[in-house]
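Following: one structure in structure tokens, then a few remarks.
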Amino acid sequence: MDLTWFAGNPGLTLLFLLLAIFAVVLLSKWIRYIPNNRVGIVEKLISGKGSVKTGLIALSGEAGFQPNLLRGGWHLLTPFQYRIHKMPLVTIPQGKIGYVFARDGKDLPPSQALASNAHGADFQDVLGFLQGGGEKGPQRQILREGMYAINLVQFVVLTEDQVYYLPLDRSEVETFQKMSAIIAERGGWRPVIIRGTDDAVGIVTVHDGPSLGSGEIIAPTVGEDPHQGTTYHNNFQDADKFLVAGGQRGRQYQVLVEGTYYINRLFATVELIPKTVVEVGTVGVVVSYTGAKGADISGQDYRHGELVTQGQRGVWSDPLLPGKYAFNTYAGKVLMVPTTNFILKWSKGEVGSHKFDENLTEVSLITKDAFEPSLPLSVVVHIDYRKAPLVIQRFGDIKKLVEQTLDPMVSAYFKNIGQTRTLIQLIQDRSAIQEQSGTQMKEKFAQYNLELQEVLIGTPTSGAPGGQIEQILVQLRSRQIADEQVETYGRQQSAAVKERELREAEARAKQQTLLTESAIGIEVQSNQGKAEYAKAQQQAAQIQTLAGAEAEKVRLMGEGEAKRIKVMAEAQAEQAARVGIAQAMAIEEQVKAYGGPQFQLVQQVMSRFAEAIEKSQVDVVPKIQMAGGQGGGSLIESLLGLLLSEKAGQLAGVAPVTRPNPEAEALKAALRKDLGK
């Protein structure tokens, strides 16, 4: 294109520029761009169906605000027919709550404070909200954390940081500011958080729904799910379900315990109160202000009120044992009753930790002798935990019991006691009076369902220094001091006598030293003699023992030697006997071998004769021969002939043994046996 042409035709150039600008403007009316972090609210300016007849949103294509939004991107629209309002996405931060206000919808009923969302309205679907019967005004349903593409013409979203809406009227700003202030005052931008360390419970007050009936002060628990052990309305977090289940406006009997609850504070507020703690040593008697009327279970003999079971209106028959309880103190109260022994002191200025006796003072008495002492005393009382409800039903609380019943009863009892005794008797008989009063007053206390443990009585006083009672006490002290002095003097006299006896004993003790030393010397000498005598006796016994042992030794050695000799002799004798027998047997055998005794004798004689000749060297053949008678020969020849004769045995006088010896025979038999072995 030749640009010089435009330079030569300035009019045409201007026209061309105007047409280009018109084309750009026209194109911008056809094509619209919406960023992804924003939405476009469509306002229809021209429509063949006319304008919206009722409400704010055009549901049928009329001119006006359209229910649908334009999301991020390019959009093609008819020029001059639509106006696009670019609005931010609604952002609810983590742990925060957003509240919704609907500008269009059905009108609220007169008894309703917030718009119902019973059909589960979706604030991002305007068409569905309005066609489903959505109501205008502040909504019961809230927005949790997240980002929402909401039509800010239909809905206004209030958050802690800002209000999301498309301004239409300046008067709306004040309305939204008031809503925000109410929400902030109730702490509604954040959920209700009850921590375990708080030891607290949440008391819920509902600001929407039907009112309580006449005479009711607490709305009962509703919508309990027996399968899940909770309520259908999820602890007031679903307002519509709460009301559908029959929930009522006002303070609720149900409480919130530890946890986090996203509750619409325009619908319900939460007040934190401490848990009811029943300490060890006490029980809690419950007086319930709500619940159904129950049957009296106190018994026929109890005429001071009714006791009911747990959950019913009145005094519960079973007290709360030690522990922590999520008890709604708006629905009743818990009166603590001590079950351990507690002391009531009738003494001004002394108060127990329970404060039951803070208004008690000393009992004023009038004695028999017209004195007016004040008697301090203490009473130890015990309450059976099972009878605690009876005591509360009868007296209201323990302090009223003490001040309205026990105080006048105890005071009257001791006033009667004081009138029967003088002041001195009252002082001196304190122990007996204390024991007597403990016994007699137990029956009176039992009539009030109490157990009297002990009565402790103090010393009567006049209440002012220097009074008559003090003077009498001074006189009694003086009298007692005089008695003590008399006793002291008597003891001193006895002490003087004892001192004299002590001095005499000390003098005797000094002389006694010499006597003691001599007596000790005598005893030492005696002990030494006894020791030497004992030593001599010991030595004599030793010598005697040694001599006896030596004699015994000699005796035993002699007996042993004698036995040895005897044994040897017997052995030798036996040996000799055996040798003799053996020889005899040998001789006998020899005799038998020689042919008889006579031959044996001849043999022996010959042997001896030969030995004799040999020794004497006598000639066998004599040199001189003698002859006589018929035969001649020598002497030797004659002797030999004689021996060899058959009559030699008769001449020698040897006769055969005719009587055998039994012992010898036995000995020979034994010897033969031994030889045979």
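Looking only at residues in segment 303-312 that are exposed (fewer than 15 other Cβ atoms within 10 Å of the Cβ) and free of Cβ contacts under 8 Å to residues at least 60 places away in the same chain, the one that is farthest from the chain's Cα centre (by Cα) is 303. Only a single criterion out of (1) closer than 13 Å to residue 155 by Cα; (2) among the aliphatic types (A, V, I, L, M); (3) in a loop (DSSP other than H, G, I, E, B); (4) more than 60 Å from the chain's Cα centre (by Cα) is not satisfied by residue 87, namely (3). Residues that are small (Gly, Ala, Ser) and touching a Lys or Arg at 6+ places or on another chain (Cβ under 6 Å) within segment 236-277 comprise just one, 239.
For segment 341-384, the tally of residues that are of a type in the set (Phe, Trp, Tyr), over 30 Å from residue 309 (Cβ atoms) and out of contact with any helix residue (DSSP H, G or I) (no Cβ under 6 Å at 6 or more places or on another chain) stands at 1.
To keep it simple, each residue is scored yes or no on (1) touching a residue at least 24 places away in the same chain (Cβ under 8 Å); (2) of a type in the set (Ser, Thr, Tyr); (3) touching an Asp or Glu at 6+ places or on another chain (Cβ under 8 Å).
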position: 211; (1), (2), (3): yes, yes, no
position: 218; (1), (2), (3): yes, no, no
position: 244; (1), (2), (3): yes, no, no
position: 257; (1), (2), (3): yes, no, no
position: 270; (1), (2), (3): yes, no, no
position: 273; (1), (2), (3): yes, no, no
position: 286; (1), (2), (3): yes, no, no
position: 292; (1), (2), (3): no, no, no
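Within segment 151-172, being in a helix (DSSP H, G or I) and surrounded by 12 or more Cβ atoms within 10 Å (Cβ to Cβ) holds for one residue alone: 172. Scanning segment 315-327 for residues that are assigned to a strand (DSSP E or B) and either acidic (Asp, Glu) or out of contact with any Lys or Arg (no Cβ under 8 Å at 6 or more places or on another chain) (or both) yields 315, 316, 320, 323. Of all residues in segment 189-209, those that are under 28 Å from the mean Cα position of the chain (by Cα) and part of a loop (DSSP other than H, G, I, E, B) total 1.
If the condition is being touching a Gly at 6+ places or on another chain (Cβ under 9 Å) and not β-branched (Val, Ile, Thr), then segment 327-345 contributes 327, 331, 332, 335, 336, 338, 342, 344, 345.
Note on segment 408-450: residues that are under 50 Å from the mean Cα position of the chain (by Cα) and farther than 20 Å from residue 462 by Cβ total 24.
Here's the yes/no breakdown for (1) within 26 Å of residue 340 (Cβ to Cβ); (2) touching a helix residue (DSSP H, G or I) at 6+ places or on another chain (Cβ under 8 Å):
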residue: 386; (1), (2): yes, no
residue: 405; (1), (2): yes, yes
residue: 415; (1), (2): no, no
residue: 437; (1), (2): yes, yes
residue: 479; (1), (2): no, no
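Readers should treat all values here as calculations from the given coordinates under stated rules, not as data from a laboratory. No experiment lies behind these values; they were computed from the predicted model shown. Neighbour counts run over all protein chains shown; Cβ positions are idealised from the backbone, glycine included.
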